Amino acid sequence: MKSQARSRELFAAFRDSVPVLMGYGVLGFSFGLLAVSQGLAWYWAVLMSLVIYAGALQFLAVGMLQAKAGMLELFAAAVFVNIRQVFYGLSLLKRFKKSGRRKPYLIFALTDETYALMTSTRPDPRIKRRRYDFYLALLNQTYWVLGTAAGALFGTMTDFDTRGIDFALTALFVVLAMEQYKIRRSWTPFLLGAGASIAAMLLVSMDRMLLTAIALALAGMFLFKKRIESD
């Protein structure tokens with residue numbers, strides 16, 4: 001019975017993660033290809049996907065390493081690019097509280113896409129949510145690592161023009177936003193996000209735009225909380 005329940009949870013996680021499989025396979029491949037084209041050995045690209053596992057930061061780090069950026073610059077980039085996860089990770093503290101040994105990995109593997117699935121999918125009530133969450137996070141990272149390995153190995157065997165390939169990350173965010181809308185059927189969060197981004201672009205410099213946009217979006221979400229919940 002226990003193995004059957006685990007199989008049900010694994011299947012549910014795989015079924016729900018198929019959109020991420022499509023995106024991470026292409027994105028991971030793009031990152032591996034880009035990393036190798038910039039002079040990194042294929043195994044370094046795979047190692048980055050194993051221990052860093054942060055799509056936007058990995059793409060940025062390749063360019064910074066190529067430019068011989070220092071540790072301070074890399075640290076600052078990591079903070080500013082991923083600080084958004086501090087905000088939305090807080091909403092899962094109670095949910096991860098009873099995850100036991102899985103909790104450290106769930107925290108590490110909480111990407112934008114994994115968060116989007118965890119907060120928007122409604123799995124079978126018969127399955128254990130904490131096990132489902134673990135399988136979902138593990139599958140998503142597996143897609144990313146395998147995609148990276150495939151792209152890096154392909155890059156070692158051929159010359160490929162990688163200009164514009166990092167736009168794949170933006171494309172995945174667009175797809176996830178569309179999936180979120182299909183489930184929630186509410187324009188309010190998207191309008192708040194778009195408005196916050198435009199305001200940040202007009203009000204502050206580029207290096208502060210992301211943090212400002214997140215802060216404005218959160219303020220808007222709190223201000224229009226009742227409307228969002230009623231949609």
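The values are calculated or read from the model by the stated rules, or taken from the named source; none is laboratory data. This structure is a prediction, so every number in the text was calculated from the model and none was measured. Cβ placement follows ideal geometry from the backbone for every residue including glycine, while neighbour counts extend to all protein chains displayed.
Per the listing Y132, Y115, Y43, Y105, the residue uniquely assigned by TED's automatic domain parsing to the domain that holds F154, crowded, with 16+ Cβ neighbours inside 10 Å and farther than 23 Å from M209 by Cα is Y132. Listed by first and then second residue, the pairs linking a residue in region 1-23 that is closer than 16 Å to M118 by Cβ to a residue that is modelled with pLDDT of 85 or more and among the basic types (K, R), with Cβ atoms under 7 Å apart and 6 or more places separating them unless they lie on different chains, are E9/R131.
Among the residues of region 175-200, those that are surrounded by fewer than 13 Cβ atoms within 10 Å (Cβ to Cβ) and either at pLDDT 85 or above or more than 20 Å from the chain's Cα centre (by Cα) (or both) comprise R185, W187, L191, I198.
Any idea which of L110, L74, L65 is out of contact with any strand residue (DSSP E or B) (no Cβ under 6 Å at 6 or more places or on another chain) and either not in a helix (DSSP H, G or I) or not assigned by TED's automatic domain parsing to the domain that holds D159 (or both)? Give the derivation first.
Numbers: L74 fails: either not in a helix (DSSP H, G or I) or not assigned by TED's automatic domain parsing to the domain that holds D159 (or both); L65 fails: either not in a helix (DSSP H, G or I) or not assigned by TED's automatic domain parsing to the domain that holds D159 (or both).
Testing whether each residue is out of contact with any strand residue (DSSP E or B) (no Cβ under 6 Å at 6 or more places or on another chain) and either not in a helix (DSSP H, G or I) or not assigned by TED's automatic domain parsing to the domain that holds D159 (or both) leaves just L110.
Answer with yes or no whether L65 is more than 26 Å from A213 (Cβ to Cβ), of a type in the set (A, V, I, L, M) and touching a Gly at 6+ places or on another chain (Cβ under 9 Å). Judged against the criteria, L65 is a match.
Go through L153, L172 for me and flag whichever is at pLDDT 85 or above, under 25 Å from P19 (Cα atoms) and in a helix (DSSP H, G or I).
Working: L172 fails: at pLDDT 85 or above.
From the options L153, L172, the qualifying one is L153.
When you check L40 against the structure, is it over 27 Å from L218 (Cα atoms) and not in a loop (DSSP other than H, G, I, E, B), yes or no? Considered against the rule, which asks whether it is over 27 Å from L218 (Cα atoms) and not in a loop (DSSP other than H, G, I, E, B), L40 comes out as no. Residue count for region 16-36 satisfying the condition of being modelled with pLDDT under 90 and surrounded by fewer than 16 Cβ atoms within 10 Å (Cβ to Cβ): 1.
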